[in-house]
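Please read the structure below before turning to the comments.
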Amino acid sequence: MSNPEEEYRLLGRIDNPADLKELSLDQLETLADEIRQKIIDTVSKTGGHLAPNLGVVELTIALHYVFDTPKDTIIWDVGHQAYTHKLLTGRRDRFHTLRTYGGISGFPKRSESPYDTFDTGHSSTSISAGLGISTAKCFSGEKSKVISVIGDGSMTAGMAFEGLNQAGHTGKDLIVVLNDNAMSIAPNVGAFSSFVSRKMTGKRFVNFRKELENFIKSFPGVGENIMNLVRKSEDSFITFFTPGMLFEAFKFKYIGPIKGHRLDLLMEAFNNTLHLEGPILVHVLTVKGKGYEPAEKDPSHYHGVGAFDIPTGSPPKGRPTSPQSYTEVFGNTMVELGGKNQKLFAVTAAMPEGTGLTEFSRLYPERFVDVGIAEQHAVTFAAGVATEGLRPVVAIYSTFLQRAFDQIVHDVCLPNLPVTFAIDRGGLVGEDGPTHHGHFDITYLRSLPNMTLMAPKDENELRHMLYTALSHPGPVAIRYPRGKALGVPMDPKYQILPVGRAEILKEGKELVILALGSTVYPALEAARALEDEGLSVGVVNCRFVKPLDPRLGEIAASTGRVLVVEENIRQGGLGGAVLELFNDLGITDVRIRRLGLPDQFVEHGPLATLKEKYGLDTSGILKEARDLCQGSP
């Protein structure tokens with residue numbers, strides 16, 4: 001399906017959304033095909049969120065055709081479905097740089113374009129943000145539309161319902177487009193209710209209804225009673241024949257469901273909203289992965305992908321085989337331990353495949369719960385499970401666990417419950433960028449009483465850490481990186497690691513490198529290179545950030561120089577913990593340098609590029625260690 005650039009004839013004419021209005025319906029449908037092919041061609045090279053974007057091509061075209069963007073505001077919930085939006089809003093010529101270092105982001109970014117009206121990357125924020133924007137526009141007297149596009153999965157989060165509730169209460173103008181690609185609605189019900197909703201919100205019908213209301217109200221004494229009966233009958237009619245009962249309860253006008261790949265129906269529905277006031281919900285039915293057979297058959301797998309071969313959907317041929325990912329190692333370990341420990345219970349938030357729990361859920365369905373995109377609920381739910389003597393493991397990406405910080409504090413750490421957090425994608429994650437990097441978790445977790453926090457140097461140690469966590473009487477967090485593991489041999493038996501005890505990997509007399517997680521092996525390589533230069537450098541695998549091994553003070557004092565290396569922000573991370581430990585131990589005559597990520601949000605780009613830029617690869621550690629050794633202790 002890949003086309004050379006010159007074959008994108010209609011797409012090549014679209015420099016901004018106003019150009020869409022010059023095209024006929026037939027041309028717009030052809031444009032949709034070209035956009036779909038452009039997305040497939042580009043993502044096959046750069047990787048990215050394929051299936052979500054293929055599912056919203058017509059929806060995006062219709063929104064930009066009907067509404068006057070950027071005066072009218074579109075907020076893309078999560079933002080992983082905004083590729084068509086980027087192609088239509090002046091970024092066509094840069095689209096080949098998608099998710100590459102220095103290129104355009106895979107998510108909406110206000111600094112990138114005036115059409116990106118709200119930075120997104122996490123789910124369920126669009127309704128709240130949209131209501132805030134609408135309220136501000138109303139305050140300033142600006143007359144324009146605000147549209148929040150949210151997927152059915154994001155509707156599982158409490159924040160979405162909080163936004164709906166407030167929007168319905170205030171009655172502010174807000175259009176919520178529900179992109180539904182999973183709900184099963186019978187064709188006859190969907191077609192009929194689509195017809196009813198579209199006709200009952202048409203301009204002529206709305207004007208007629210207002211005139212009829214005024215006429216009925218003019219009846220002395222009985223007009224209002226008659227109107228109440230009419231409203232009751234109309235509400236019953238709408239909610240009986242459509243799936244809009246819930247949204248009508250939130251005081252939203254409900255339109256739909258609309259077939260999401262029919263441009264004519266979409267444009268008619270959106271045109272009907274132009275003259276409506278107050279909160280409106282447009283329910284759109286789409287197919288995730290539309291137009292690319294492998295993605296349609298397996299939309300979960302193609303939700304986010306690396307580079308692939310278009311005809312087959314498989315990774316490019318000739319790639320060398322590589323070790324399992326940390327995610328796969330975690331998932332396999334959960335399966336093994338689940339067969340031995342009947343109290344092991346797994347919890348995830350809409351990512352059983354992404355966190356490696358698919359096989360566990362198949363083998364032990366009674367001990368697995370996917371709560372949907374509801375991280376706060378996942379944590380408190382796990383806390384409840386733990387009070388009954390089970391051992392819950394909550395598997396969530398680092399960047400998403402941030403959303404449940406209060407629940408970790410109040411519902412897990414305060415009562416000291418044995419909940420284990422398996423924190424995937426700790427540290428830098430690469431092309432998904434600043435909304436997805438997990439470089440704050442050490443900082444926000446090590447501040448909590450009762451929390452034990454650790455990070456493995458390799459996949460073998462990850463297995464032992466999980467086994468250790470399940471025997472610990474309180475909360476434990478294990479953070480591990482995205483991507484392939486190191487391919488080290490696996491111990492045949494699980495071991496319980498001494499909590500709070502570091503691992504001395506190499507002795508040294510002139511410098512000791514205190515490393516954690518993904519930085520341990522690069523630190524070892526740097527130390528060996530320095531040894532070839534005649535410098536004696538030790539390396540310690542800290543393993544535990546909390547509690548921190550007090551022996552680190554003695555080790556540091558013996559060398560007089562310490563380099564702390566971590567894939568986390570420096571503020572409040574391992575380096576901060578080491579400084580606090582040395583201060584408490586009264587160690588003042590040691591030179592300390594901290595190597596970590598700066599106090600900023602890190603851009604998107606390949607992991608190797610980012611690690612090189614911020615000095616977290618072998619050469620960066622080598623440079624810092626060499627500089628430190630050249631100074632006097």
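In segment 543-561, the residue that is surrounded by the fewest Cβ atoms within 10 Å (Cβ to Cβ) out of those that are in contact (Cβ under 8 Å) with a residue 60 or more places away in the chain and closer than 28 Å to LEU462 by Cβ is PRO547. Restricting segment 406-422 to residues that are among the aliphatic types (A, V, I, L, M) and surrounded by fewer than 24 Cβ atoms within 10 Å (Cβ to Cβ) leaves a set whose member that is farthest from ALA395 (Cα to Cα) is LEU414. Those helices (runs of 4 or more DSSP H) of segment 359-457 in which 2 or more residues are touching a residue at least 12 places away in the same chain (Cβ under 8 Å) and within 22 Å of PRO473 (Cβ to Cβ) occupy 375-387, 441-446.
Filtering segment 38-96 to residues that are in contact with a Phe, Trp or Tyr (Cβ under 6 Å, 6 or more places away or on another chain), under 18 Å from LYS297 (Cα atoms) and among the β-branched types (Val, Ile, Thr) leaves ILE39, ILE40. Residue pairs whose Cβ atoms lie under 7 Å apart, separated by 6 or more positions or on different chains, with the first residue in segment 74-94 and part of a loop (DSSP other than H, G, I, E, B) and the second hydrophobic (A, V, I, L, M, F, W, C), are ASP77/VAL149; ASP77/ILE150; GLY79/PHE107; HIS80/PHE107; GLN81/VAL56; ALA82/TRP76; ALA82/PHE107; ARG91/ILE104. Of all residues in segment 90-119, those that are over 17 Å from VAL43 (Cα atoms) and crowded, with 24+ Cβ neighbours inside 10 Å total 1. Yes or no: VAL379 buried (at least 24 other Cβ atoms within 10 Å of the Cβ), in contact with a helix residue (DSSP H, G or I) (Cβ under 6 Å, 6 or more places away or on another chain), at negative phi and modelled with pLDDT of 95 or more? In short, yes. When the residues of segment 562-593 are narrowed to those that are among the basic types (Lys, Arg) and in contact with an Asp or Glu (Cβ under 8 Å, 6 or more places away or on another chain), which ends up farthest from GLY500 (Cα to Cα)? Among those residues, the one meeting the criterion is ARG593.
Just one of (1) exposed (fewer than 15 other Cβ atoms within 10 Å of the Cβ); (2) among the hydroxyl-bearing types (Ser, Thr, Tyr); (3) assigned to a helix (DSSP H, G or I) fails for THR333. It is (1). Scanning segment 284-309 for residues that are touching an Asp or Glu at 6+ places or on another chain (Cβ under 7 Å), within 20 Å of LYS45 (Cα to Cα) and not small (Gly, Ala, Ser) turns up just one, LYS290. Scanning segment 258-286 for residues that are among the small types (Gly, Ala, Ser) and either within 10 Å of LEU59 (Cα to Cα) or crowded, with 22+ Cβ neighbours inside 10 Å (or both) returns GLY260, ALA269. Considering each residue of segment 566-580 in turn, none proves to be touching a residue at least 24 places away in the same chain (Cβ under 8 Å), more than 21 Å from ASP617 (Cα to Cα) and touching a Phe, Trp or Tyr at 6+ places or on another chain (Cβ under 7 Å). Applying the condition of being of a type in the set (Val, Ile, Thr) and more than 21 Å from the chain's Cα centre (by Cα) to segment 287-323 and asking which residue is surrounded by the most Cβ atoms within 10 Å (Cβ to Cβ) yields ILE310. The requirement of being more than 30 Å from HIS96 (Cβ to Cβ) and in a loop (DSSP other than H, G, I, E, B) is satisfied by TYR494. ASP264: part of a loop (DSSP other than H, G, I, E, B) and among the acidic types (Asp, Glu), yes or no? Spelling it out, it is not the case that ASP264 is part of a loop (DSSP other than H, G, I, E, B) and among the acidic types (Asp, Glu). In segment 617-628, is there at least one residue being within 16 Å of VAL512 (Cα to Cα), of a type in the set (S, T, N, Q) and in a loop (DSSP other than H, G, I, E, B)? The answer is no, given that none of the residues of segment 617-628 is within 16 Å of VAL512 (Cα to Cα), of a type in the set (S, T, N, Q) and in a loop (DSSP other than H, G, I, E, B). Checking each residue in segment 583-609 for being over 19 Å from GLY517 (Cβ atoms), in a helix (DSSP H, G or I) and free of Cβ contacts under 8 Å to residues at least 60 places away in the same chain picks out ASN583, ASP584, LEU585.
Output yes when any residue across segment 23-30 is assigned to a helix (DSSP H, G or I), aliphatic (A, V, I, L, M) and within 21 Å of PHE118 (Cβ to Cβ), and no when none is. No, there is no match, as no residue in segment 23-30 is assigned to a helix (DSSP H, G or I), aliphatic (A, V, I, L, M) and within 21 Å of PHE118 (Cβ to Cβ). Quick one: in segment 458-491, of everything that is part of a strand (DSSP E or B) and in contact (Cβ under 8 Å) with a residue 60 or more places away in the chain, which residue is surrounded by the fewest Cβ atoms within 10 Å (Cβ to Cβ)? Only one residue tops the list, namely LYS484. In summary, ASP15 fulfils each of the numbered conditions (1) part of a helix (DSSP H, G or I); (2) exposed (fewer than 15 other Cβ atoms within 10 Å of the Cβ) with the single exception of condition (1). Out of curiosity, is SER325 in contact with a Pro (Cβ under 9 Å, 6 or more places away or on another chain) and farther than 30 Å from HIS169 by Cβ? Judged against the criteria, SER325 is not a match.
The values are calculated or read from the model by the stated rules, or taken from the named source; none is laboratory data. All values derive from a computational prediction rather than experimental measurement. Because the Cβ atoms are built from the backbone with ideal geometry, glycine has one as well, and the counts that use them run over all protein chains shown.
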